[in-house]
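A short write-up of the structure that comes next.
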Amino acid sequence: SDDNKEWISSTCNYGNDFIASIRRGNVHAVQFHPEKSGEVGLSVLRRFLYPKSEITKIPVKGKASKLAKRVIACLDVRANDNGDLVVTKGDQYDVREQTNENEVRNLGKPVDLSGQYYKDGADEVSFLNITGFRDFPLGDLPMLQVLRYASENVFVPLTVGGGIRDFTDGNGQYYSSLEVASEYFRSGADKISIGSDAVYAAEEYRKTKVKTGKTSIEQISRVYGNQAVVVSIDPRRVYLKDPNDVEFKSVEVSNPGPNGEEYAWYQCTVNGGREGRPIGAYELAKAVEELGAGEILLNCIDCDGQGQGFDIDLIKLISDAVSIPVIASSGAGAAEHFSEVFSKTNASAALAAGIFHRKEVPIQSVKEHLLKEGVEVRV
């Protein structure tokens, strides 16, 4: 409006024009976190700080017509048998080598790998802490250190998950999930991923239809914003002869089940996929969106570590059902799997772990393939 036109230093358009940055005197403010937007964001900061420098006067050109699809690198982090934090990768959530020693699969150091993925072009980096520290997440100092060190050199958003919930320590001291999340945010996280706790919250909300304001999703989103809360859904496929056999949303599957079943529902799990719960992925996604989640990380235990592609049936079901962004996860084995999921579903991002860790498919190769296929990505 005329009241603020003197403040506006830039506008942008994603369907509608909006104010992207403002300036008043020597104060600048932007609509995004420049320090988390890679080289483009850092160049914006340099222009603010050094407006007379010739280097900073080179404009950054772009042809974006809509929100670009994101390619995310995921690091499953846990302590190995020596107590050192390592990046590992499971096959259907089993992270131990099939050897006599049965050691934890070690694919590198979390800080080093996250820095490399930023350099390789990852749009975001996600840490999933699968260490058994559940009784005292605030005492997990090594993971907090990983975040602190990673955030010094990784200029894209960092997500961390694992153990984000209310808990009481051995001395009877109560800590809210908000307190736990706040410590991770202070250590460098931009988003918090909630898993099992979100399942229990969704189950209760479906029963009562009451938002208590006390769930981890509600507490954290109220203070830090919906965009800071990611819900990680870990379902297993349960085949059906008849979709009416269960009360949960089912789909007609692309590939029939072992006994020729043409339908399946996706049962949510907790505790690292070890326990099934009486709620489907569809019902969970709808509930957590209403509770305040800003994004869904959609895994599929059946596809995890298989390298045969994402579960398109599942991702289409969920990405069509909610209005918040959905990250496709589990099963990527080739660059073509990324273009497939973006062309066949409404997923906003796709995540991979093992193929990036083992350098089977470089991140840049994925982006080059997507651009060639006409999928808009950040370069």
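Please verify whether the stretch 272-294 includes one or more residues that are touching a residue at least 12 places away in the same chain (Cβ under 8 Å) and under 18 Å from Ala122 (Cα atoms).
Looking for residues that are touching a residue at least 12 places away in the same chain (Cβ under 8 Å) and under 18 Å from Ala122 (Cα atoms), one finds none in the stretch 272-294, hence no.
Would you confirm whether or not the stretch 79-97 contains a residue that is modelled with pLDDT of 85 or more, under 27 Å from Glu340 (Cα atoms) and of a type in the set (Asp, Glu)? I'd like the intermediate steps shown before the answer.
Of the stretch 79-97, the ones modelled with pLDDT of 85 or more are none.
Within the stretch 79-97 (the criterion being modelled with pLDDT of 85 or more, under 27 Å from Glu340 (Cα atoms) and of a type in the set (Asp, Glu)), the answer is no, since none of the residues qualifies.
β-branched (Val, Ile, Thr), open to solvent by less than 50 Å² (accessible area, probe 1.4 Å) and out of contact with any Asp or Glu (no Cβ under 6 Å at 6 or more places or on another chain), is that true of Val270?
Yes; evaluated as a whole, the condition is true for this residue.
For the stretch 159-181, what are the residues that are buried (at least 19 other Cβ atoms within 10 Å of the Cβ), of a type in the set (Val, Ile, Thr) and not in a loop (DSSP other than H, G, I, E, B)?
Once the filter is applied, which keeps residues that are buried (at least 19 other Cβ atoms within 10 Å of the Cβ), of a type in the set (Val, Ile, Thr) and not in a loop (DSSP other than H, G, I, E, B), the stretch 159-181 yields Thr159, Val160, Val180.
Name the single residue, out of those in the stretch 297-311 being touching a strand residue (DSSP E or B) at 6+ places or on another chain (Cβ under 9 Å) and open to solvent by 30 Å² or more (accessible area, probe 1.4 Å), that is modelled with the lowest pLDDT.
Of everything passing the filter in the stretch 297-311, Gly305 is modelled with the lowest pLDDT.
So which residues in the stretch 238-254 are farther than 20 Å from Val288 by Cα and open to solvent by 30 Å² or more (accessible area, probe 1.4 Å)?
Once the filter is applied, which keeps residues that are farther than 20 Å from Val288 by Cα and open to solvent by 30 Å² or more (accessible area, probe 1.4 Å), the stretch 238-254 yields Val238, Tyr239, Lys241, Asp242, Pro243, Asn244, Asp245, Val246, Glu252, Ser254.
Scan the stretch 13-36 residue by residue and report those that are open to solvent by less than 50 Å² (accessible area, probe 1.4 Å) and not in a strand (DSSP E or B).
Scanning the stretch 13-36 gives Pro34, Lys36.
Under 27 Å from Ser330 (Cα atoms), at pLDDT 95 or above and not aromatic (Phe, Trp, Tyr), is that true of Val210?
No; evaluated as a whole, the condition is false for this residue.
Could you check how many residues of the stretch 182-213 are assigned to a helix (DSSP H, G or I), in contact (Cβ under 8 Å) with a residue 60 or more places away in the chain and open to solvent by 30 Å² or more (accessible area, probe 1.4 Å)? Break it down into steps so the answer makes sense when it comes.
Filtering the stretch 182-213 down to residues assigned to a helix (DSSP H, G or I) leaves 182-186, 196-208.
Retained after the next criterion (residues that are in contact (Cβ under 8 Å) with a residue 60 or more places away in the chain): 196, 198-203, 205-206.
Those left that are additionally open to solvent by 30 Å² or more (accessible area, probe 1.4 Å): 196, 200, 206.
Within the stretch 182-213, residues that are assigned to a helix (DSSP H, G or I), in contact (Cβ under 8 Å) with a residue 60 or more places away in the chain and open to solvent by 30 Å² or more (accessible area, probe 1.4 Å) number 3.
Among the listed residues Ser53, Ser43, Ser1, which satisfies the condition of being farther than 30 Å from Arg358 by Cβ, loosely packed, with under 10 Cβ neighbours inside 10 Å and modelled with pLDDT under 85?
Only one candidate passes the filter, namely Ser1.
Cβ-Cβ below 8 Å, separation at least six or inter-chain, first residue in the stretch 327-341 and touching a residue at least 40 places away in the same chain (Cβ under 8 Å), second of a type in the set (S, T, N, Q): which pairs?
Pairs found: Ile327/Ser348; Ser329/Asn299.
So which of Val251, Val288, Val230 ends up being of a type in the set (A, V, I, L, M), within 20 Å of Ile312 (Cα to Cα) and at pLDDT 95 or above?
Val251
The values are calculated or read from the model by the stated rules, or taken from the named source; none is laboratory data. Computed from a predicted model, the values in this text were never measured in an experiment. Positions of Cβ are backbone-derived with ideal geometry, glycine not excepted, and every protein chain shown enters the neighbour counts. Accessible surface areas use protein heavy atoms only, side chains included; no ligands, DNA or RNA. Shrake-Rupley method; radii C 1.70, N 1.55, O 1.52, S 1.80 Å.
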